[in-house]
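S.K.: Just dropping this structure here.
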Amino acid sequence: MTQTRHVDLLIIGSGPAGYSAGIYASRAMLNPVLVQGIEPGGQLTTTTEVENWPGDTEVQGPELMRRMETHARAVGCELVTDQIIRLALDERPFTAIGDSGTHYIARAIILATGARAKWLGLPSEDKFKGFGVSACATCDGFFFRGQDIIVVGGGNTAVEEALFLTKFASKVTLIHRRDALRAEKILQDRLFRNEKIEPVWFHTVEEIVGSENPLGVEGVKARNVKTGELRTIAAKGVFIAIGHDPANELIVDTLETHSGGYVVTKPHSTETSVPGIFAAGDISDHIYRQAVTSAGMGCMAALDAERFLSEH
Ligand code: FAD
Ligand code: NAP
């Protein structure tokens, strides 16, 4: 049923950026409404230990996000279970249409829709998604107890996933297209010390191979980018961890973007190319992409939105 809600400030997204914006905007008496989306808590709900959130030597990602949610509620931020499917920015106030049918009419909007896992784009990857191919070790690692697993990628996510998967796997092969990892040194040290993990350098995955009936992964065909040689590496699970793309589908035709679709913001600000629309977190950050920087940008967006609303 269509319902119309008039709000001063709408926040889209419930990761560290969205919740921090919600906390600051609530304390500024802006009565924000925060739409949580299909992944309440955002990307950190898909990981285990977070070791670089200041104030916590170690905290589980889902627990940290539960605490942020509780904090946002406690200061009066209204959290709504909905997914925005369309954003009309050509008229003011702006209109955001929710999957629930609700039309949110907002004077200002903070976009904090974050980022989503990238895929290799292979037909065989699509075919085996959910049947041995995954982009979330914490969600699916448990299914591969005692099996060989492959992780593809060389960043923090790939290394953390490889380490996490050693809890279940008999062996983890990390396939990377270079011979140097992008991941933090502390994570690299842990990876190289782990006897269950074997790095395979200078290789790219060309195909995921498996059985038809039942559908299931048996391994990958990987090419050595230096010699051109193709080899098959056996595994029951393949975890793709090759980075993230900004979740920009709501604004790709309406806001200025750069570097593969990240929202452009003005220097030292969260203002986008449309006045009244602010962007915070991974949606507008192609460089740092951390929980703490996202939270910082959420704070900035709430302060920028407060100034905008008081001036207009
Ligand atoms: P996200 O966390 O991506 O949240 C986006 C939110 O937007 C979600 O709630 C989603 O439901 C919502 N949303 C999206 N589209 C819509 C829509 N159309 N309508 C409504 N809502 C929508 N960083 C660290 O600092 N330390 C770590 O240890 C760490 N570990 C990580 C481990 C993994 C496996 C991954 C993937 C990332 C990790 N990161 C870590 C990075 C960190 O998670 C991100 O930088 C951070 O979550 C970005 O926050 P965000 O608020 O911008 O967006
Ligand atoms: P990332 O840092 O962008 O790394 C992506 C990795 O995948 C790179 O090693 C890249 O190779 C490789 N890659 C990209 N496209 C590929 C392709 N088509 N085929 C094969 N390999 C490919 O992404 P991420 O690891 O997901 O991290 C994203 C952000 O979240 C980062 O800012 C990261 O710091 C943050 N994060 C932080 C933590 C933490 O703090 N503990 C944990 C997880 C994530 P090249 O190196 O050759 O480019």
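S.K.: Can you tell me which residue is least open to solvent (accessible area, probe 1.4 Å) among those in the stretch 51-105 that are within 11 Å of ligand 1 (Cβ to nearest atom), in a helix (DSSP H, G or I) and not hydrophobic (A, V, I, L, M, F, W, C)?
M.R.: G61
S.K.: Now for a separate question. Against the definition (open to solvent by 30 Å² or more (accessible area, probe 1.4 Å), touching a Pro at 6+ places or on another chain (Cβ under 7 Å) and not in a loop (DSSP other than H, G, I, E, B)), how does T45 come out, yes or no?
M.R.: On the way: open to solvent by 30 Å² or more (accessible area, probe 1.4 Å): yes; touching a Pro at 6+ places or on another chain (Cβ under 7 Å): yes; not in a loop (DSSP other than H, G, I, E, B): yes.
In short, yes.
So that you can scan it fast, the table gives a plain yes or no per residue for (1) free of Cβ contacts under 8 Å to residues at least 24 places away in the same chain; (2) surrounded by 23 or more Cβ atoms within 10 Å (Cβ to Cβ); (3) within 14 Å of ligand 2 (Cβ to nearest atom); (4) closer than 20 Å to G216 by Cβ:
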position	(1), (2), (3), (4)
P123	yes, no, no, yes
K127	no, no, no, yes
G132	no, yes, no, yes
T138	no, no, yes, no
F142	no, no, no, yes
Q147	no, no, no, yes
V159	no, yes, yes, no
T166	no, no, no, no
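One line per residue, one yes/no per condition, for (1) out of contact with any strand residue (DSSP E or B) (no Cβ under 7 Å at 6 or more places or on another chain); (2) open to solvent by 40 Å² or more (accessible area, probe 1.4 Å); (3) within 16 Å of ligand 1 (Cβ to nearest atom):
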{"position": "K221", "(1), (2), (3)": "no, yes, no"}
{"position": "K226", "(1), (2), (3)": "yes, yes, no"}
{"position": "K236", "(1), (2), (3)": "no, yes, no"}
{"position": "F239", "(1), (2), (3)": "no, no, yes"}
{"position": "V263", "(1), (2), (3)": "no, no, yes"}
{"position": "V274", "(1), (2), (3)": "yes, no, no"}
{"position": "A291", "(1), (2), (3)": "no, no, yes"}
{"position": "A301", "(1), (2), (3)": "no, no, yes"}
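S.K.: Further question: Return the residue satisfying two criteria in turn: it lies in the stretch 259-286 and is in contact with a helix residue (DSSP H, G or I) (Cβ under 9 Å, 6 or more places away or on another chain) and among the hydrophobic types (A, V, I, L, M, F, W, C), and of such residues it is farthest from ligand 2 (Cβ to nearest atom).
M.R.: That would be F278.
S.K.: Can you spot a residue in the stretch 234-254 that is hydrophobic (A, V, I, L, M, F, W, C) and free of Cβ contacts under 8 Å to residues at least 12 places away in the same chain?
M.R.: Filtering the stretch 234-254 down to residues hydrophobic (A, V, I, L, M, F, W, C) leaves 234-235, 238-242, 247, 250-252.
Filter once more, keeping what is free of Cβ contacts under 8 Å to residues at least 12 places away in the same chain: 252.
Within the stretch 234-254, one or more residues are hydrophobic (A, V, I, L, M, F, W, C) and free of Cβ contacts under 8 Å to residues at least 12 places away in the same chain.
S.K.: Just for the stretch 106-119: of the residues that are open to solvent by 30 Å² or more (accessible area, probe 1.4 Å), more than 15 Å from D304 (Cβ to Cβ) and part of a strand (DSSP E or B), which one is farthest from ligand 2 (Cβ to nearest atom)? So that I can check it myself, show each step before the final result.
M.R.: Within the stretch 106-119, the subset open to solvent by 30 Å² or more (accessible area, probe 1.4 Å) is 107, 113, 116-119.
Still in the running and more than 15 Å from D304 (Cβ to Cβ): 113, 116-119.
Pick out the ones that are also part of a strand (DSSP E or B) and you get 116-117.
Numbers: R116: 10, A117: 7 Å.
Filtering the stretch 106-119 for residues that are open to solvent by 30 Å² or more (accessible area, probe 1.4 Å), more than 15 Å from D304 (Cβ to Cβ) and part of a strand (DSSP E or B), the one farthest from ligand 2 (Cβ to nearest atom) comes out as R116.
S.K.: What strands (runs of 3 or more DSSP E), lying completely within the stretch 225-282, carry at least 1 residues that are polar (S, T, N, Q)?
M.R.: 230-234
S.K.: Return the total of residues in the stretch 255-283 being in contact (Cβ under 8 Å) with a residue 60 or more places away in the chain and either under 11 Å from A115 (Cβ atoms) or out of contact with any Asp or Glu (no Cβ under 6 Å at 6 or more places or on another chain) (or both).
M.R.: Matching residues across the stretch 255-283 total 11.
S.K.: Separate question: Taking into account only those residues within the stretch 174-193 that are over 16 Å from N52 (Cα atoms) and open to solvent by less than 10 Å² (accessible area, probe 1.4 Å), which is farthest from ligand 1 (Cβ to nearest atom)?
M.R.: In this case the residue turns out to be I175.
S.K.: Restricting to the stretch 27-42, name every residue that is outside any loop (DSSP other than H, G, I, E, B), in contact with a helix residue (DSSP H, G or I) (Cβ under 7 Å, 6 or more places away or on another chain) and more than 16 Å from ligand 2 (Cβ to nearest atom).
M.R.: Hit for the stretch 27-42 is L34, nothing else.
The values are calculated or read from the model by the stated rules, or taken from the named source; none is laboratory data. Just so we're clear, the structure is a prediction, and the values are computed from it rather than from any experiment. For neighbour counting, all protein chains shown are included, and Cβ atoms are generated from backbone atoms with ideal geometry for every residue, glycine included. Just so you know, the surface numbers come from the protein's heavy atoms only, side chains and all, with ligands and any DNA or RNA stripped out. Shrake-Rupley method; radii C 1.70, N 1.55, O 1.52, S 1.80 Å.
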